[in-house]
Ligand code: R2B
């Protein structure tokens, strides 16, 4: 059984704009997005980014550059903009580093503010990443329906707050439908377990210091599998919670989704359809050592 998900914080306004939940934002004269090298006084954000519809985030800068180049070609665009992020027409491709602290800084404090300040509408945000599969065929794509950890807790000024980490069901369904159009790409929907640490959090034995047995590891991963978890990584809960809170569009697209370890697409939007056509194949040399419980 899944740990019970908390209710969403509050009913959201049916707005298609990306929202920030910050009572101080209207009184802040200037927003500096330090890690993106952008600011509201130095850049005309609506002119630069107001037409963005799809944001793809992932930990590796190289992967996000490759993805932006692919989209650039697919969309038949002439020029590229590039800073710490890559832009191909209505698609932004941004790396977020590894782990919750890193993705939280990029996503919450900067990307969401950027989309809000740029007055973007109808934006979909997708995380493309690698992950460890649990009891599934190697190289499968897992479309995350919910990100789980022991409980998604954030400490804000010393207080613990709990956020929902459910992702958008409609989009999950659309992605799955699109995956069927691509031969030889095993794709499934499952829960993604987000851990604070790639090694001990995911029961890995190939560590510098290891205090648990392989039996204990197997028992732990089997327990995760039994709750519906099909892969593990280190960013999804922050991703899901932040997108859920700031989703640009009422019900249908507020949750967004998150795909691991390779991307798919959706019949609903042309951008998603193109995106789904992309197939990142992990080179043999980068193949992960399976971390399975069998
Ligand atoms: C999966 O892969 C990376 C660690 O190698 C990290 O970003 C993650 O969650």
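Things worth noting here:
One line per residue, one yes/no per condition, for (1) within 22 Å of the chain's Cα centre (by Cα); (2) surrounded by 13 or more Cβ atoms within 10 Å (Cβ to Cβ):
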residue: 19; (1), (2): yes, yes
residue: 30; (1), (2): no, no
residue: 44; (1), (2): no, no
residue: 49; (1), (2): yes, yes
residue: 54; (1), (2): yes, yes
residue: 62; (1), (2): yes, no
residue: 65; (1), (2): yes, yes
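- Elements of type strands (runs of 3 or more DSSP E) in the stretch 58-151, at least 1 residues being over 15 Å from residue 243 (Cα atoms): 85-88, 91-95, 141-148
- Options 197, 184: the member that is loosely packed, with under 14 Cβ neighbours inside 10 Å and over 22 Å from the mean Cα position of the chain (by Cα): 184
- Single match in 251, 174, 219 (criterion: assigned to a helix (DSSP H, G or I) and at pLDDT 85 or above): 219
- Residue count for the stretch 114-138, restricted to those that are within 22 Å of residue 227 (Cα to Cα) and either over 18 Å from the mean Cα position of the chain (by Cα) or away from the ligand (no atom under 14 Å from the Cβ) (or both): 5
The values are calculated or read from the model by the stated rules, or taken from the named source; none is laboratory data. In this text the structure is predicted, and so the values were computed from the model without any measurement. When we count neighbours, we look across all protein chains shown, and the Cβ atoms used for this are built from the backbone with ideal geometry, even at glycine.
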